[in-house]
Amino acid sequence: MKKIMNYKKKETVKLSKKAQAKKAAEAKNKPAAAKPKKEAVKKDTSQLLGIEAKKDSNFSEWYTQVITRAELLDYYDVSGCYILRPNAYALWEGVQSFLDARFKAIGTQNCYFPMFVSQAALKKEEDELHGFEAEVAWVTKSGKSDLQIPIAVRPTSETVIYPTFKNWIKSHRDLPIRINQWCNVVRWEFKHPVPFIRTREFLWQEGHTAHDSLENAEKEVYYILDTYADCYEKLLAVPVIKGKKSEKEKFAGALFTTTIEAFIPTNGRAVQAATSHCLGQTFAKIFDIEYQNDDGSKSKPWQNSWGLTTRSIGVMIMVHGDDKGLVLPPRVAPNQVVIVPICMKNSNVEELNAQANKLGDDLKAKGIRVLVDTSDAKNPGWKFNHYEKMGIPIRIELGPKDMEKHSVVVVRRDTCSKQPVAWDVLAHTCSKLLEEIQESMFQRAKEQRDKAIVDVKTWKDFVPALSKKCICRVPWCNCTTCEEDIKARSAAESAVSSSDEEQGLSGAAKSLCMPLEQPKLEEGTVCFACGKPATVTALFGRSY
């Protein structure tokens with residue numbers, strides 16, 4: 001008999017063998033006590049290298065992962081300001097090289113003006129135009145001392161440069177003046193920042209010119225607009241629409257503003273990609289700029305200003321990137337080709353690496369930008385994923401079997417397609433393939449953009465089209481009060497996704513531009529929004 005202590009009664013109880021067996025069976029069949037749940041540990045994704053978010057389902061997170069994990073950008077402790085890493089700056093240098101040659105072709109000279117604007121100069125413009133007063137950052141202290149007169153940080157440089165134009169322009173022989181500077185500007189916007197797209201500090205070029213006639217000024221405005229369009233389409237493979245801004249959207253003080261508009265199909269947002277302004281004689285009057293003609297009479301010059309920013313990098317990423325990361329157009333890619341030797345067990349590593357370097361030299365001799373990765377710190381699979389994420393247009397794989405065949409495997413980044421290529425035709429094949437990739441990327445983006453442009457004739461179809469991530473091509477009265485009403489009504493009627501809310505984007509629509517290529521309006525056509533006679537065809541959409 002087994003003895004069991006009954007602690008409650010403080011006595012020993014004897015159990016029969018039958019009772020003991022019954023108790024043992026009960027204990028065996030009794031469900032085990034539930035183990036306490038472990039506290040959920042939040043996954044640390046800061047050191048992850050690949051892209052986890054999907055572009056179509058979580059665009060905001062996808063974009064953040066791409067720009068950080070593809071080593072383009074680092075965050076900074078001042079909101080709206082970012083660190084451009086070498087990979088991003090190399091892209092900006094590609095844009096600079098393309099534009100600089102085109103600017104200099106018409107006699108533009110590069111220069112640099114101070115980043116600080118005197119209060120007096122800025123006030124002179126703001127009293128007349130009220131252009132950037134809400135976005136100006138002011139320096140009010142020097143050390144611990146208050147400045148007697150605050151100094152502004154340039155939001156743009158009209159007020160910095162045009163007082164100097166007054167000194168430089170004395171005679172009609174001094175015209176035209178064309179200067180450009182590559183610099184940074186600060187616009188202290190209070191909208192939610194989007195890296196590259198909408199930031200408080202950004203890099204740009206700003207051209208400022210003066211002419212002896214409106215005709216000459218206008219000619220330059222459209223030359224610059226064409227240059228900007230070519231930069232996006234021929235260098236970045238991003239399709240754009242050339243047009244004029246409405247009175248409400250034009251640059252403060254401008255006679256008219258021309259623009260190129262890009263489009264992000266994934267979230268249905270338009271982006272003002274660059275602008276070229278004809279300023280007329282507005283600033284010449286504000287800053288008292290005039291010159292003497294041959295007959296001794298005085299005239300005021302006609303002026304232009306134009307600019308393109310690092311926003312171009314963000315647009316390119318958004319348009320071309322995929323779930324693996326960046327997809328770089330070959331013409332702007334810092335490295336157009338990467339060669340990765342595949343070292344297997346018992347491979348002759350020295351021979352593989354030597355051949356990889358030789359092939360790299362052959363490509364460089366043809367003007368192709370090449371990276372040969374013979375490092376042994378990472379395996380080939382890691383390198384493949386890494387260079388896909390970085391967006392290099394062509395990857396060349398060279399393994400032991402390829403050595404035997406005197407060939408390589410060539411992989412396109414844009415389509416991920418593979419093909420074997422013999423060593424002796426590799427340079428020619430890559431040159432041809434890079435051009436094919438460039439054109440293919442542009443055509444694919446253009447097709448996506450064109451599908452998103454829909455014709456809308458009445459208001460009832462307008463907001464539903466916006467909700468389908470489209471740009472609306474509409475007959476419009478070109479009236480500022482109507483435009484303001486369109487923005488208010490579309491905001492009130494729109495449903496905004498959570499990702500849009502996170503990015504501070506509204507459902508409101510605005511006029512993007514009136515395309516330079518205007519279809520003929522049929523007689524009796526009315527404005528889609530107010531019903532008044534339509535005078536233009538315009539593009540409206542949601543934008544950054």
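Throughout, read-outs are computed from the coordinates displayed, never taken from laboratory work. A quick note: this is a predicted structure, and the numbers were derived from the prediction, not measured. Don't worry about glycine lacking a Cβ; one is built from the backbone with ideal geometry, like all the others, and counts go over all protein chains shown.
Couple of notes before you dig in:
- Option label - volume of the Cα convex hull per residue in Å³ computed here, alternatives [x] 170; [y] 307; [z] 258: [y]
- Scaled against 2.2 N^0.38 Å for its residue count N, the alpha carbon radius of gyration of segment 453-543 is 1.06.
- Nearest-0.05 FRET efficiency for K219 and S79, computed from C-beta distance (R0 35 Å): 0.25
- Extension gain, D295 to R173: 0.36 nm times the residue separation minus the Cα-Cα distance gives 42.6 nm.
- Contact order normalised by residue count of segment 357-484, Cα under 8 Å, 6+ apart, percent: 14
- 0 to 90° range, to nearest 10: angle between helix 86-104 axis and the chain longest Cα axis: 20
- Sites K401 and L516, calculated FRET efficiency, Cβ-Cβ separation with R0 51 Å, nearest 0.05: 0.40
- Packing-based ranking, highest mean first, of 169-175, 434-440 given that Cβ atoms within 10 Å are counted: 434-440, 169-175
- In terms of packing, defined here as the mean over residues of other Cβ atoms within 10 angstrom, the peptides 459-467, 72-80 line up highest first as 459-467, 72-80.
- Cα gyration tensor category, rounded, prolate or oblate, for segment 94-200 with a/c compared to 1.5: oblate
- Between helix 158-168 and the chain: long-axis angle, C-alpha atoms, 0 to 90°, nearest 10: 30
- Rg of the Cα atoms in segment 306-372, relative to 2.2 N^0.38 Å, amounts to 1.55.
- Distance in nm between pseudo-label sites at H192 and I453 (7 Å out along the Cβ direction from Cα): 2.9
- In the structure shown, the pairs K234/K418; K191/K510; K123/K166; K166/K248; K244/K510; K191/K242 are assessed against 20 Å; a Cα-Cα span above that value is assigned to K234/K418; K166/K248; K191/K242.
- Evaluated at q = 0.13, 0.22 Å⁻¹: base-10 log I(q)/I(0), Debye formula over Cα of segment 337-434: -0.39, -1.20
- Stokes-Einstein D in µm²/s, Kirkwood radius over Cα pairs - segment 156-237 at 20 °C with 1.002 mPa s viscosity: 141
- Helix axis angle, 119-129 relative to the chain longest principal axis, alpha carbon, degrees: 80
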